[in-house]
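Written out below as structure tokens is the structure these notes cover.
The values are calculated or read from the model by the stated rules, or taken from the named source; none is laboratory data. Just so it is clear, the structure is predicted and the values come from calculations on it, not from any experiment. Here the Cβ positions follow ideal geometry from the backbone for every residue, glycine too, while neighbour counts run over all protein chains shown. All accessible areas refer to the heavy atoms of the entire protein, side chains included, with ligands and DNA or RNA removed. Shrake-Rupley method; radii C 1.70, N 1.55, O 1.52, S 1.80 Å.
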Amino acid sequence: DVVESQEHYKSRWRSIWIMYLTMFLSSVGFSIVIMSVWPYLQKIDPTADASFLGWIIASYSIGQMVASPLFGLWSNHRPRREPLVISTAISVAANCLYAYVHVPHAHNKYYMLTARALVGFGAGNVAVVRSYIAGATSLTERTSAMANTSACQAVGFILGPVFQTCFTLIGEEGVTWKFLCLQLNMYTTPVLFGALLGVVNIILIFAIFREHRVDDMGRQYKSINSDGGGSDVLDQNTEGSIDHVAVVALNILFFVILFVFAVFETIATPLTMDMYSWTRKEAVFYNGIILSVIGIESVIVFMVVKTLSKKTGERAILHAGLLIVLVGFFILLPWGKKLPNIQWQEIKNSSIPRTAPSEMLAPFWSLPELQLPSNHTAEPVGCPVTQSWCLNTPMIYLAQYISSDVLIGLGYPVCNVMSYTLYSKVLGPKPQGVYMGWLTASGSGARILGPVFVSQIYTHLGPRWAFSLICGVVVVSLLLLEIVYKRLIAFSVRYGRMQE
């Protein structure tokens, strides 16, 4: 066996840490403007409505879904520094474009749509990041490295809105640099900050990142797309075919995992407004606190599963995670007898316009201001009668909702890390760029379809149908996991080169 030198070990892990940073910045690029997209869109283009906002939010995931396989293919045949630098540069340019979408005299909303799509396209580099980490770690290091990667991604999603909140102190007007046609305000400063972080990331990739590959046992060898040094491992270590049944199954499981979490994120605001008669402000505030706590819970879970997986194995933990998610959604089913408050029962004046179901289901950042008559200041709250199920579906108690939040916040990160880890182990020492690209694309597709699914089912049929169908989807995924359970083993274990 080739013994890894201390110098090589340090260089390898410095490069992995740069990948952690890249993953963090990718998630910050999505979340740092998410709270301010709607008011900024209204400011630059009054013709934009809430439905167009939906396209802007979805454009990020669409861009990432398209780019992930392309960057993955690129990383298989060329040094990974190339797709990493180009993708980050695209994100930097897209953030700068976002800061200037107020300049044109017409079609500003389409410039914003293009900017967010390009930011998502640049975020397709997460496939390169995960494929590099998979190839630069041994089997014993893999779970821990994948957990750290997901933790960095989660922290990015948590801190993005925090950065946005800090920049609100600048205000809507801010400072204008006429010679650059640039407005530094609460809408543009966050993306320019994101662009600055991207430039720092590119510099670190050039200065610190080096191409490294090790086999499942940790022996170093020269990567097929590397211009660096390394010891060649015998060809027999990469001989054998990948189990494509296991690969497809894990792609399906990963799709389901991100699909149900996207549903959970989308439904939180309209569900709490309908069930607990919260105002828009209360729903944003309380759910913001809940999602922040879930984010912290997820980071803790990422750290715990690194140790737990060494004792039980990844397959068992994935199974347990799916069961926890199933229980979380099962708890959300309406079981009581008390009906939710109807939106109009306390407001006697029927001339007040009702909020359309589509508006109630829009994400909290896309909710337009209600135009109430001048003689009314109260915001209508409760379950709107335009959703017919409100009249006969029992309410979901707050204790049910909080318990479900805790369970889903526990099960989702477990499933996320374990699916990535098992996927990389099944693929083995061969270049994983394209395969990781498809896995990332399936997750992006889930984030697009999840909100669409829940908006239709919840609006027309109510929470009982919506959550029952989600429970059914999770049950089917558990059956799929049982069918392929024995096939979800590491490439080297499958061909008898290592013991499980």
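Once you compute Rg and the Kirkwood Rh from C-alpha atoms, what is the Rg to Rh ratio for region 255-342?
In region 255-342, Rg relative to Rh is 1.06.
In the P(r) worked out for region 14-77, what percent of Cα pairs fall beyond 13 Å?
73
In Å and on Cα atoms, what radius of gyration and Dmax does region 270-319 show?
Reported Rg and Dmax, both Å: 16.7, 47.
Let me see the pair-distance distribution of region 401-445: every alpha carbon pair, 10 Å bin width, integer percents in order.
Result, from short to long distances: 24, 40, 24, 10, 1 percent.
So how long is each side of region 98-153 along the principal axes, counting just the alpha-carbon atoms, biggest first, in Å?
So the extents along the principal axes, rounded to whole Å, are 57, 17, 11.
Can you pull the accessible area of TYR397 for me, 1.4 Å probe, Å² to the nearest 10?
Estimated to the nearest 10 Å², TYR397 gives 90 Å².
Beyond 38 Å, what share of the Cα-Cα pairs of the chain is found? Please give it as a whole percent.
29
Excluding residues fewer than 8 places away in the same chain, name every one of the lysines whose C-alpha is closer than 17 Å to that of LYS43.
LYS109
Need the list of lysines near LYS430 for cross-linking: C-alpha distance under 30 angstrom, and skip anything on the same chain fewer than eight residues off.
Filter leaves LYS10, LYS222, LYS306, LYS310, LYS311, LYS486.
Please arrange LYS10, LYS43, LYS281 by accessible surface area, largest first, computed with a 1.4 Å probe and ligands excluded.
LYS281, LYS10, LYS43
Normalise the Debye intensity by I(0) for region 1-222, one equal point scatterer per Cα, no solvent, then take log10 at q = 0.08, 0.09, 0.12, 0.16 Å⁻¹ and round to two decimals.
-0.32, -0.40, -0.66, -1.03
For the ranges 200-206, 401-407, what's the packing order if you count other beta-carbon atoms within 10 Å of each residue, average per peptide, and put the highest first?
401-407, 200-206
Scale the Cα Rg of region 154-199 by the rule-of-thumb value 2.2 N^0.38 Å and send over the ratio, two decimals.
Relative to the 2.2 N^0.38 Å estimate, region 154-199 comes out at 1.23.
Using only the alpha carbons of region 61-192, what is the convex hull's orientation-averaged projected area in square nanometres?
Mean projected area of the Cα convex hull: 9.6 nm².
Counting only protein chains, not ligands or nucleic acids, how are HIS102, HIS77 ordered by accessible area (probe 1.4 Å), most first?
These residues rank, largest area first, as HIS77, HIS102.
What is the spread of the Cα atoms of region 441-500 along each of their three principal axes, largest first, in whole Å?
Result, largest extent first: 54, 23, 11 Å.
Compute, for ARG487, the solvent-accessible surface of its heavy atoms (probe 1.4 Å) with the complete set of protein chains present, and express it in square angstrom to the nearest 10.
Surface accessible to solvent at ARG487 totals approximately 100 Å².
So what is the 222 nm mean residue ellipticity for the chain from helices alone, if each DSSP H run of at least 4 adds -39500 (n - 2.57) and you divide by all residues, rounding to the nearest 500 deg cm²/dmol?
Calculated mean residue ellipticity at 222 nm is -22500 deg cm²/dmol.
Using a 1.4 angstrom probe on the protein heavy atoms only, could you order TRP13, TRP74, TRP177, TRP335 from most to least accessible area?
Highest to lowest solvent-accessible surface, that is TRP335, TRP177, TRP74, TRP13.
Hey, can you find the accessible area per residue of the chain for me, probe 1.4 Å, expressed in square angstrom?
43
Positive end of the charge dipole of the chain (Lys, Arg +1 and Asp, Glu -1 on Cβ, about the Cα centre): tell me which of VAL191, ASN125, MET395 has its Cα farthest that way.
Projecting each Cα onto the dipole axis, the largest value belongs to ASN125.
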